[in-house]
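Okay, structure first, notes after.
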Amino acid sequence: MNIVLSRDSQVRLMEGTVANAEKYFGQFCSLLAAYTRKTARLRDKADQLVRQLIDFANTENPELRATVRDFAEDLAKVQDYRQAEVERLETKVVNPLKLYGAQIKQTKAEIKKLKHAQTNEIKQLQKLEKLRQKSPSDRQMISQSQAETSVQRASADASRTTRQLEDTVGTFQRQKLKDLQKIFSDFVTIEMVFHAKAVEVYSSAFQTLENYHPERDLQDFTAKMQGVYGHHTARPLADSNPSPPGPWPPASQSAESDTRRQRTEEEVSEDGSVEEAPVEDLRGQGLQT
C-alpha cells in the first residue's frame, strides 16, 4: 500500500508540473501575441504619420520641404525595422509558445493512463483485502489466489506506466526549461536589435531637425508678404484734374513717416534679404495663431 501512496504523490507532482506549464505558457502566449499585435498597430500608425508628413512637406517652402521629407524617410526606416521586429516575434516567440498546447495535451493524456492503471491497482488490492477478511474455504482460497495474481498484474502495469510517465514528464520539464530560456532570450534579442537600430535612425532624424534653419523660409515668406502688401497699396493713377494742394502735413506726421521709411530701409539689406526684426515679428504671429 505504501507503494501505491508513493505513486499517488508522483502523479500529483506530475499533474502540478504540467498544469503550471499549461497555465503560464498559455498566458505568456496570449500576452506576447497581444504585444506583437500592438507593435504591428503602432507600425501602421507611424506609417500614417509618415504619409501625413510627406503631404505636409509638399505644401511648404523648399527648406522645410526638404527637412520634413528627410525626417519622414527616417521615420519610415524605423517602421521597416519595426516590421522585422513583428515578424521575428511571431516566428521566434509566439509560435514556439503555441506549440506547447499540443505537448501539454499529450503529456496530460499520459498522466491519465497512469491514473487509470493506479485506480485499477487500488481496486484489485481492495478486492484482495475483502477476501482475506472472510473465513477461509477452498473456494475462497482459489478466489484469493486469483485476486493476488490480479493485484500483481495491476501493480506491474502501474509500475511500468509510472516509469514511462517519469521519463515523459522529465523530458517535458527539461525541454520546458530550455525552451523558456530560449524564447525569452530571443524576445530580448529582438527588442534590443530593434531599439538599437531605431536609436541610430532617430539620431539621424534629430540631427536633420537640428540642421533646419527656419529663418530662410521665414525670409522667403516675409518677402512674399511684402510683395502682396505692395500690390494692394499701390498709388492710383493721377487725376487729369488734380485738386488743389492741401496744407502741408504737420511736422510730427512728416517725422513719423520718415522714421517708418528709415526703419523699413534698415530691415532690408543691400541684397534684398530681410533682417532679424521682421523674423521675430512673424514668429510672434505664428505663436499667436
- request: Work the Kirkwood hydrodynamic radius out for the range 1-92: mean of 1/r over every pair of different alpha-carbon atoms, inverted, in Å.
  value: 17.2 Å
- prompt: Hey, could you pull the Cα Rg and Dmax for the range 156-227, both in Å?
  reply: 31.3, 104
Over 22 Å (Cα to Cα) - which of K176/K197; K45/K98; K108/K182; K98/K197; K105/K178; K23/K108 fall in this group: K176/K197; K45/K98; K108/K182; K98/K197
query: HN-Hα J couplings of the range 209-224 from phi, Karplus 6.51/-1.76/1.60, θ = phi - 60°, integer Hz, Gly and Pro as x?
result: 5, 5, 7, 6, 10, x, 4, 4, 5, 5, 4, 4, 5, 5, 4, 5
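Mind ranking F187, F172, F28, F56 by accessible surface for me, highest first, 1.4 Å probe?
Working: F187 40, F172 15, F28 65, F56 90 Å².
Ranked from most to least accessible, the order is F56, F28, F187, F172.
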query: How long is the gain from Q83 to S30 if the chain were fully straight, where each residue apart is worth 0.36 nm and the alpha carbon distance is subtracted?
result: 17.1 nm
task: Note the full-extension length gain between Y202 and T91 as 0.36 nm times their separation in residues minus their Cα-Cα distance, in nm to one decimal.
output: 37.3 nm
message: Taking the Kirkwood radius as the inverse of the mean 1/r across Cα pairs, report the Rg/Rh of the range 47-115.
response: 1.53
- prompt: Taking θ as phi - 60°, what are the ³J(HN,Hα) couplings along the range 166-177 by the Karplus curve (6.51, -1.76, 1.60), each to the nearest whole Hz, with x for Gly and Pro?
  reply: 4, 5, 5, 5, x, 5, 4, 5, 5, 5, 4, 5
- prompt: In whole Å, what are the Cα extents of the range 9-48 along the three principal axes, biggest one first?
  reply: 58, 6, 5
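The values are calculated or read from the model by the stated rules, or taken from the named source; none is laboratory data. This structure is a prediction, so every number in the text was calculated from the model and none was measured. SASA here: full protein model, heavy atoms, side chains in, ligands and nucleic acids out. Shrake-Rupley method; radii C 1.70, N 1.55, O 1.52, S 1.80 Å.
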